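The values are calculated or read from the model by the stated rules, or taken from the named source; none is laboratory data. Bear in mind that the values here come from a model prediction, so they are computed numbers and not experimental data. Backbone-built Cβ (ideal geometry, glycine too); neighbour counts: all protein chains shown.
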Amino acid sequence: MKQLIVAVFAVGGAILLGGCESGPLSIGAADAGSSMTAVITGLHLTTASAFPQNPMPTNVDVTLSDPASAQAVYDATIALPPFTPTRGPGPALCGTDFGYSHPITFMTGTDVARTAILNTGGCQEASISGLPPDRKIVATYWSLLAKDLGIEESTLFTTSSP
């Protein structure tokens, strides 16, 4: 019996430690080998609403083809700090989330380098493809984004008039 228990633990440990791939998981590994650093030549940002019963957000649909500005937005997006959903003994206290977001596609030439979803409500987190965990969007990020897109910052947070 003792040998059976030892064998079960040995097989289980080998499966657990061996996994499907060898080596530690690194940031960007889910992006088929690409790293966080990318040469970005453009981006496309739009507006989305998760709740159709809410007033429609102002339609922001911007394509940015200036490589320097697109790279600055990309670098700032990747540099956002990790979002920590708990602070203190309970869950994070976030503002109201109406389900508005800005999907953004970062391009390298005609290829998609990375995508992100920028949530404008609630805890204002960013989900970046291939880069866990979610990131916390800070106020200076919204300012940089608006400046590089050539729009008023308030446009990122408003609803359209009926």
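Taking region 49-68 as the range and being surrounded by fewer than 13 Cβ atoms within 10 Å (Cβ to Cβ) and within 18 Å of the chain's Cα centre (by Cα) as the test, only Ala50 passes.
For region 74-95, the condition holds for at least one residue, the condition being that it is part of a helix (DSSP H, G or I), modelled with pLDDT of 95 or more, surrounded by fewer than 19 Cβ atoms within 10 Å (Cβ to Cβ) and over 11 Å from the mean Cα position of the chain (by Cα).
I'm trying to understand the selection: among the residues of region 119-128, which are part of a strand (DSSP E or B) and of a type in the set (Gly, Ala, Ser)? Across region 119-128, the qualifying residues are Ala126, Ser127. Residues that are aliphatic (A, V, I, L, M) and assigned to a strand (DSSP E or B) within region 129-150 comprise just one, Leu131. Checking the structure you have, find out if any residue of region 151-161 is surrounded by 20 or more Cβ atoms within 10 Å (Cβ to Cβ) and in a helix (DSSP H, G or I). There is at least one residue in region 151-161 that is surrounded by 20 or more Cβ atoms within 10 Å (Cβ to Cβ) and in a helix (DSSP H, G or I). Listed by first and then second residue, the pairs with beta-carbon distance under 9 Å, at least 6 apart or on different chains, first residue in region 139-153 and in contact (Cβ under 8 Å) with a residue 12 or more places away in the chain and over 20 Å from Glu125 (Cβ atoms), second β-branched (Val, Ile, Thr) and not in a loop (DSSP other than H, G, I, E, B), are Asp148/Val73; Gly150/Val62; Ile151/Val62. Consider region 102-150 and keep the residues that are basic (Lys, Arg) and surrounded by fewer than 18 Cβ atoms within 10 Å (Cβ to Cβ). The one that is nearest to Ile40 (Cα to Cα) is Lys147.
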